[in-house]
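Below you'll find the structure, written out as structure tokens, and then a few comments.
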Amino acid sequence: MQRENRKKQLTAALCLLAPLLALALAPLPDALEQGAPALACGAVQLALALGVAWVLRDVLRRGAQELARREPGGAALALLGACAGLACGVLALGAGAAAGGPVRRDWYFEAAALLPALAAAGEWFWQQKLEQAAAPLFRVGRRARSARRLQDGAEQAVDPAALRPGDRVLVRAGEVIPADGAVCEGVGAVREQALTGEKAPVKKFPGSAVCAGTVLKEGALTCEVERAGAATVQARLAALVTECAAGEGPLARWAGQFARKTARRALALAAAAFLLWLAAGFGPGRALGAALAVLAVGSPTALLPGVTAALCGAAGSAAVRGVYFRTLAALEQAAEVRAVGLDAAAALDAGEPEVVQVTGTRRVPEKFLLSMAAGLCLQAADPLARAILRRAEADGVKYTAVAGAETVPGQGLQGKVAGKVIAGGGAAFIAGFCPLPPDLLEAGQALERRGATPLYFVLAGSPAGVIGISRSVRPDAAPAVAGLQALGLQVAVFSAAQAPAVLHTARQAGLGADAVAAGLDAEGFVQKTRELHAPAALVGGPHTPPAAFAAAALPVQTGAAEGPLDAAALLLMRRDLTGLPQAVALAREAVKNVRQGLRWAIAYHDALPVLAALGPLLQELTGVGVHPLAGALAACAAAWAMARHARRLCRQEPETPETNVTEGRP
């Protein structure tokens with residue numbers, strides 16, 4: 001609403017300003033230049049200028065507040081310029097009327113109206129640019145309009161805010177998941193791009209976690225609610241991005257201070273130019289024109305919004321990748337990071353176990369074994385079963401239909417395939433169905449020596465094979481570490497586990513023994529974080545000691561889609577470490593971009609106001625003066641160039657519409 005009102009005010013002001021500029025600057029018949037017609041022309045210009053001032057009174061009122069605080073900005077320059085232009089114009093008009101021959105080109109009513117219009121246009125322009133830059137941040141604000149709660153076997157349409165932990169909801173293809181929870185029944189593909197940046201739909205099985213705001217692309221899921229309303233990851237992330245877009249960092253604060261200094265300097269230069277040219281005999285009209293041109297060209301309205309737009313654009317570009325900065329100051333801090341500490345459990349561990357080996361028999365090939373195992377695990381919710389389902393999905397193996405699948409607590413699974421009993425589990429459980437041959441036992445023991453868990457399978461009373469499942473280093477760990485090192489960052493691994501296991505993990509990630517600190521307690525984490533080259537980042541998760549996060553200049557959480565931590569300044573929504581080197585590189589480019597823009601702005605404010613102040617002299621030497629309109633056009637061109645420069649890092653990607661979604665900022 002505020003934006004629409006500002007747009008209407010600006011449109012009305014421009015409708016009044018256009019005829020005012022035409023009367024003041026366009027060639028008119030000689031009869032209108034002097035005498036009573038010129039007096040009437042001046043009165044019309046005065047009325048139009050006063051109309052512009054009335055329409056844009058909010059800008060002038062804000063200028064008065066800036067002057068009262070002794071912190072002048074663009075609005076203060078507009079107020080002083082408008083008052084000076086109107087006062088001098090009225091005096092010139094009155095003096096001309098008394099002499100019987102007013103000259104319209106001495107009044108500068110158009111400049112008095114132009115300055116507040118320039119300030120209002122700048123505010124509206126930068127509001128648009130800031131909203132465009134921050135738009136990707138607010139994609140997380142997409143939410144379900146309704147939810148299907150299952151109660152006594154019947155569906156009940158409710159507001160998502162009315163859901164409570166323990167409720168069960170049904171989600172069909174094309175709908176937005178209304179709450180955080182876990183899948184109870186069904187298999188589906190969920191599009192999580194708005195939350196995590198992951199473009200490809202993610203397969204969900206019983207036991208898989210789901211988040212509010214993500215979209216079910218295919219299948220149907222019954223989910224048990226764990227968090228709803230303001231407690232969801234989506235709601236907490238929405239609050240975070242609102243804080244980020246509204247905040248400012250050191251660069252923005254410096255730009256604000258420089259803008260105030262620039263405004264004071266423009267005021268001093270305008271006053272000096274007026275007095276100098278008046279004393280030099282150029283007349284009050286030309287002296288006032290030079291002063292107003294200085295105020296127009298020296299307005300600092302592009303400085304602070306340009307910095308904020310550039311940083312918001314970079315933060316939005318990171319959000320598209322599933323990387324969220326809590327504040328713009330955190331983005332600037334990421335650009336300064338020189339070392340990274342990795343909590344091995346949170347940053348390198350794959351989290352969910354993965355299938356590392358599938359060994360079949362002569363009767364049961366590996367592909368068929370995986371197909372039967374996936375069918376048997378389809379209704380199970382434990383991590384080992386999900387690992388088998390993910391491997392079957394990755395290998396393109398279709399699930400074998402298994403009837404009557406059931407879990408034997410603490411032992412394994414069993415069911416029937418075409419009437420034949422199939423079972424999977426540990427060696428002791430399978431021994432109840434058939435003896436395991438020596439070669440299969442040896443394969444399982446070899447897996448155990450590698451730190452993997454062997455799951456044996458039997459079909460129709462005969463051994464069917466063994467599947468090894470292990471917690472391993474995530475596949476993104478080595479590329480991410482290489483990316484961090486390519487940026488010149490020191491990388492270290494911290495862990496509470498003992499040295500052999502941590503060394504094995506570090507080697508898989510591409511790090512040597514000198515980068516590993518094992519067997520650490522909470523105080524050890526803090527000490528090792530402080531020993532890194534400052535400023536340092538620490539990548540961790542919910543189990544990382546809070547004091548260690550506090551000791552880092554940039555606390556980073558990986559897997560934040562499971563629940564953002566208040567201590568984290570940088571959130572990697574996926575358990576994917578490659579987002580960190582991308583975030584650091586993006587932050588460095590953003591800060592470099594902002595500093596380059598500020599250098600251009602400084603050069604502009606050093607040169608053009610002085611050039612505008614020399615307008616009468618330039619007119620004497622070249623015949624071409626500097627009208628306040630030229631100063632306003634220069635300021636508009638500078639704002640446009642600053643906006644183009646600020647948007648260089650913005651990256652936005654279209655999203656397909658969903659069926660039960662509402663959009664809006666939190």
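The values are calculated or read from the model by the stated rules, or taken from the named source; none is laboratory data. Just so it is clear, the structure is predicted and the values come from calculations on it, not from any experiment. We place every Cβ from the backbone using ideal geometry, glycine too, and count neighbours over all the protein chains shown. In case anyone asks, the SASA skips ligands and DNA or RNA and just uses the protein heavy atoms, side chains included. Shrake-Rupley method; radii C 1.70, N 1.55, O 1.52, S 1.80 Å.
Below are the figures for this structure:
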quantity	calculated
Search result, residues across region 478-490 that are crowded, with 22+ Cβ neighbours inside 10 Å and in contact with a helix residue (DSSP H, G or I) (Cβ under 7 Å, 6 or more places away or on another chain)	ALA480, LEU484
Pairs with Cβ under 9 Å, 6+ apart, first in region 244-270 and of a type in the set (Ser, Thr, Tyr), second assigned to a helix (DSSP H, G or I)	THR262/LEU303; THR262/ALA601; THR262/ILE602; THR262/HIS605; THR262/PRO609
Matching option when the condition is modelled with pLDDT of 85 or more, at negative phi, among the small types (Gly, Ala, Ser) and outside any strand (DSSP E or B), among GLY483, GLY510, GLY468, GLY488	GLY483
Residue match in region 335-357 (condition: of a type in the set (Gly, Ala, Ser), open to solvent by 30 Å² or more (accessible area, probe 1.4 Å), in contact with an Asp or Glu (Cβ under 8 Å, 6 or more places away or on another chain) and part of a helix (DSSP H, G or I))	no
Of all residues making up region 3-36, the number that are under 25 Å from PRO116 (Cβ atoms), at pLDDT below 85 and open to solvent by 50 Å² or more (accessible area, probe 1.4 Å)	6
Any hit, region 395-407, residues being under 20 Å from THR453 (Cβ atoms), modelled with pLDDT of 90 or more and assigned to a helix (DSSP H, G or I)	yes
Tally of residues being in contact with a helix residue (DSSP H, G or I) (Cβ under 9 Å, 6 or more places away or on another chain) and either open to solvent by less than 50 Å² (accessible area, probe 1.4 Å) or not charged (D, E, K, R) (or both) across region 358-374	9
Counted residues, region 195-236 - those being hydroxyl-bearing (Ser, Thr, Tyr) and not in a loop (DSSP other than H, G, I, E, B)	2
Of all residues making up region 619-635, the number that are in a helix (DSSP H, G or I) and in contact with a helix residue (DSSP H, G or I) (Cβ under 8 Å, 6 or more places away or on another chain)	8
Residues located in region 491-501, provided they are modelled with pLDDT of 80 or more and either assigned to a helix (DSSP H, G or I) or open to solvent by 40 Å² or more (accessible area, probe 1.4 Å) (or both)	ALA496
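A quick yes/no check of all residues on (1) assigned to a loop (DSSP other than H, G, I, E, B); (2) in contact with a Leu (Cβ under 9 Å, 6 or more places away or on another chain); (3) small (Gly, Ala, Ser); (4) open to solvent by less than 50 Å² (accessible area, probe 1.4 Å):
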position: PRO136; (1), (2), (3), (4): no, no, no, yes
position: ARG148; (1), (2), (3), (4): no, yes, no, no
position: GLN156; (1), (2), (3), (4): no, yes, no, no
position: PRO165; (1), (2), (3), (4): yes, no, no, no
position: VAL171; (1), (2), (3), (4): no, yes, no, yes
position: PRO178; (1), (2), (3), (4): yes, yes, no, yes
position: ALA182; (1), (2), (3), (4): no, no, yes, yes
position: ALA189; (1), (2), (3), (4): no, yes, yes, yes
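To keep it simple, each residue is scored yes or no on (1) at pLDDT below 85; (2) open to solvent by less than 70 Å² (accessible area, probe 1.4 Å); (3) in contact with a helix residue (DSSP H, G or I) (Cβ under 9 Å, 6 or more places away or on another chain); (4) of a type in the set (Val, Ile, Thr).
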| residue | (1), (2), (3), (4) |
| --- | --- |
| LEU570 | no, yes, yes, no |
| GLN582 | no, no, yes, no |
| ALA587 | no, yes, yes, no |
| ARG595 | no, no, yes, no |
| ALA603 | no, yes, no, no |
| ALA613 | no, yes, yes, no |
| MET642 | yes, yes, yes, no |
| ALA646 | yes, yes, yes, no |
| GLU653 | yes, yes, yes, no |
